[in-house]
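Novice: The structure that follows is given in the form of structure tokens.
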Amino acid sequence: MVSVTVVGATGYMGSELLRILVKHPKVDKIVPTSRTHAGKPVSTFHRNLLNVFDDVFVDIDLAKIDTDVAFITAPPGEWFAELPQLLDRGVKTITMGGKFRIKDAQIDKEVYGGYENNDLLDERVYGLPELYRKEIKKARFITNPGCYATSVILGMSALKNLKGLDTQKVVVSSISGTSGAGSTLTEKMHHPEVSGNIRPYNTLFHRHTPEIESILNESFQDLKLSFIPIVGDYRRGIVSNITIFADNEPKDLMGTYKKFYQNEPFVRITSEIPEITNVVNSNYCDINSAYDPKKKRIITISALDNLLKGGSGQAVQNMNIMLGLAEKTGLDLVAGHP
Ligand SMILES: NC(=O)c1ccc[n+]([C@@H]2O[C@H](COP(=O)([O-])OP(=O)(O)OC[C@H]3O[C@@H](n4cnc5c(N)ncnc54)[C@H](OP(=O)(O)O)[C@@H]3O)[C@@H](O)[C@H]2O)c1
């Protein structure tokens, strides 16, 4: 059996981790940490867990964690300096934030600032099982991918062997539910500001852009992304609209996707254009792709739940792989309809 610590268990990532882990058949101990709610029962904060998980939040620092696995949802801070010791004590660690996702030390510092450690950057494995399953199996430190990044990288990776793509001008717009911004209240995410609204933001630079480019450039050459994120008036789910110009129609585009993802438990190639309603509350990413011969472009749409395949679901998938468990353990979740 497996013991886990969830650092930052009051947040949205923490909440979803707890919801999955309390039902995970191989997990028998969960340590939920919080600085602000230590001593209070988890179910007084996450009321969906009443009578399901009534343990109390604890305030422990990284130096005291002794579980098999630690999920760290807290933003990068001084605690990052404790990470090497945590790993040396044998705690398999999955971080949810952006720090160390980009392997280039300079870009990592430019985008996320703070703590520098090239050994950690060299060691970290990008936790996208569809691309790095072999490495994840052997890893002790995983950087879990970003939510937008997961949807775009999964949407594009199947095309890596196609010739004639204009990878210099890939255009993506992604719309996300408000939970993507986390649980801290801000004026911009206040209900009257969001309700009935659609808000593009960070249109010239979003920190997921270098993350996506750095991963996709392991498959494509010199890929440049124009990425526009948008917040929509709903709670969870991301739809990414990806345009790639290509002079010639690829042979059997959907067949290419189906073949690339044929053994993937959480990627579904759909005949219809994906919608969030079919993936929310599940760990699936739905993808559809079509070629437009008039405008000479491939239009790929991907949809996933930012809190699950874009976050905590993917993190548990990574834990399962690291521990040699069946990959779908604890993640057999489907969306409701309607
Ligand atoms: N939301 C998403 O859709 C999503 C998807 C993928 C990745 N992510 C990434 O995952 C991370 C967490 O996201 P979230 O949405 O869960 O954020 P969140 O709701 O703001 O939660 C963050 C948690 O971290 C804890 N925390 C904050 N500062 C801390 C510190 N210095 N030391 C220890 N704990 C601290 C807080 O708990 P206490 O204050 O109670 O200690 C809080 O519960 C972020 O880096 C985010 O970018 C988010």
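Novice: As a test, work out the antiparallel percent of DSSP beta bridges whose residues both lie in region 148-304, rounded to the nearest 5.
Specialist: Counting DSSP beta bridges with both partners in region 148-304, the antiparallel share is about 70 percent.
Novice: Calculated FRET efficiency, R47 and Y234, Cβ-Cβ r, R0 22 Å, to nearest 0.05? Write out the running numbers ahead of the final one.
Specialist: On the way: r = 21 Å, r/R0 = 0.95.
Using R0 = 22 Å, I get an efficiency of 0.60.
Novice: To continue, here is another question. Could you give the size of the charge dipole of region 217-320 about its Cα centre, using +1 on the Cβ of each K and R and -1 on the Cβ of each D and E, expressed in debye and rounded to the nearest 20?
Specialist: Dipole magnitude for region 217-320 comes out near 80 debye.
Novice: Calculate how many DSSP beta bridges within the chain are antiparallel, expressed in % of all such bridges and rounded to the nearest 5.
Specialist: Of those bridges, close to 45 percent are antiparallel.
Novice: Quick one: which of 25-32, 69-76, 146-153, 48-55 comes out on top by average Cβ neighbours within 10 Å, and what's the full order, highest first?
Specialist: 146-153, 69-76, 25-32, 48-55
Novice: Helix 129-138 versus the longest principal axis of the chain: what is the Cα-based angle in degrees, 0 to 90, to the nearest 10?
Specialist: Roughly 40 degrees between the two axes.
Novice: Below 20 Å, Cα to Cα, which aspartates and glutamates can K163 reach? Residues fewer than 8 away in the same chain don't count.
Specialist: Here the aspartates and glutamates satisfying the reach criterion relative to K163 are E213, E218, D222, D247, E249, D252, D292.
Novice: Using only the Cα atoms of region 43-128, build the gyration tensor, take square roots of its eigenvalues as a ≥ b ≥ c, and label the shape rounded, prolate or oblate: rounded if a/c is under 1.5, else prolate if a/b is larger than b/c, else oblate.
Specialist: prolate
Novice: Place a +1 charge on the Cβ of each Lys and Arg in the chain and a -1 charge on the Cβ of each Asp and Glu, then give the dipole magnitude about the Cα centre in debye, rounded to the nearest 20.
Specialist: With Lys and Arg at +1 and Asp and Glu at -1, about 620 debye.
Novice: What is the chain by shape, rounded, prolate or oblate, if you read a ≥ b ≥ c off the alpha carbon gyration tensor as root eigenvalues and call it rounded for a/c under 1.5, prolate for a/b larger than b/c, and oblate otherwise? Each step should come with its number before you reach the end.
Specialist: Numbers: a/c = 1.62, a/b = 1.48, b/c = 1.10.
Taking the square roots of the gyration eigenvalues as a ≥ b ≥ c, the chain is prolate.
Novice: Among rounded, prolate and oblate, which fits region 184-330 when a ≥ b ≥ c are the square roots of the eigenvalues of its C-alpha gyration tensor, a/c under 1.5 means rounded, and a/b larger than b/c means prolate?
Specialist: Oblate, because a/c is 1.5 or more while a/b does not exceed b/c.
Novice: Still on this model: So which lysines can K99 reach, going by Cα to Cα under 20 Å and dropping same-chain residues fewer than 8 places off?
Specialist: K109, K309
Novice: Could you run the Karplus curve 6.51 cos²θ - 1.76 cosθ + 1.60 with θ = phi - 60° over region 331-337 and give me ³J(HN,Hα) per residue in whole Hz, x for Gly and Pro?
Specialist: Whole-Hz 3J(HN,Hα) from phi for region 331-337: 10, 7, 10, 10, 5, x, 9.
Read the figures in this text as sums done on the coordinates, not as results from a lab. This structure is a prediction, so every number in the text was calculated from the model and none was measured. Ideal geometry is used to build each Cβ from the backbone, glycine not excepted, and the neighbour counts take in all protein chains shown.
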